[in-house]
Amino acid sequence: MELTQIRLLVADFPAVYRFYRDVLGLKPQFEAESGPYAKLSPDTGHAAIALQDRAQMAGVLPGLEGDPNGYRALVVLRVDDLDAAHAELASRGAEFTRDPGPMGDRMRVAYLKDPEGNLIELQEWLALRERTHSAPA
């Protein structure tokens, strides 16, 4: 497993986005002030903080649409084989709140909680984002 991000679930996406971009000075990977998703990083390292609109995420994971003081963050772990990871963790006693399923056309995800109730997303990447490289002149 690879830690890919800590994702904050936010109700006022534009305000939180501006705070991390303008106040803390983190650099967005792409401009997305109106959401529903953004990933921002410091100038150094590979670590990132991602922001996700709560209402959009509630469509994927029921239970988020209620009290905005509920789940505020989730840990995102990338795995090579989601079905195998799901089976392995379930055999160790993990209880999933959502079994493996699609999240758009680029990944599959599953959700579980730790003993304190914190959300964990396991994700299997199906396709990497297309990257454009300019050829040297």
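The values are calculated or read from the model by the stated rules, or taken from the named source; none is laboratory data. These numbers come from a predicted model, not from an experiment. Neighbour counts are summed over all protein chains in view; Cβ atoms, including those assigned to glycine, are modelled from backbone coordinates with ideal geometry.
From Leu74, Leu61, Leu51, which residue is at pLDDT 85 or above, out of contact with any Cys (no Cβ under 9 Å at 6 or more places or on another chain), of a type outside the set (Ser, Thr, Tyr) and under 21 Å from Val109 (Cβ atoms)?
It is Leu51.
Pick from the stretch 21-40 the residues that are outside any loop (DSSP other than H, G, I, E, B) and modelled with pLDDT of 90 or more: which of them is surrounded by the fewest Cβ atoms within 10 Å (Cβ to Cβ)?
Filtering first and then ranking leaves Asp22.
Please determine whether any residue of the stretch 94-107 is surrounded by fewer than 14 Cβ atoms within 10 Å (Cβ to Cβ) and modelled with pLDDT under 90.
Among the residues of the stretch 94-107, at least one is surrounded by fewer than 14 Cβ atoms within 10 Å (Cβ to Cβ) and modelled with pLDDT under 90, which makes the answer yes.
Considering every residue within the stretch 43-58, establish whether at least one is over 20 Å from Trp125 (Cβ atoms), in contact with a strand residue (DSSP E or B) (Cβ under 6 Å, 6 or more places away or on another chain) and not in a loop (DSSP other than H, G, I, E, B).
yes
For the stretch 63-78, does any single residue satisfy the condition of being in a loop (DSSP other than H, G, I, E, B) and closer than 24 Å to Trp125 by Cβ?
Checking the stretch 63-78: at least one residue is in a loop (DSSP other than H, G, I, E, B) and closer than 24 Å to Trp125 by Cβ.
Among (1) buried (at least 16 other Cβ atoms within 10 Å of the Cβ); (2) in contact (Cβ under 8 Å) with a residue 60 or more places away in the chain, which single condition is Glu2 missing?
Every listed condition holds for Glu2 apart from (1).
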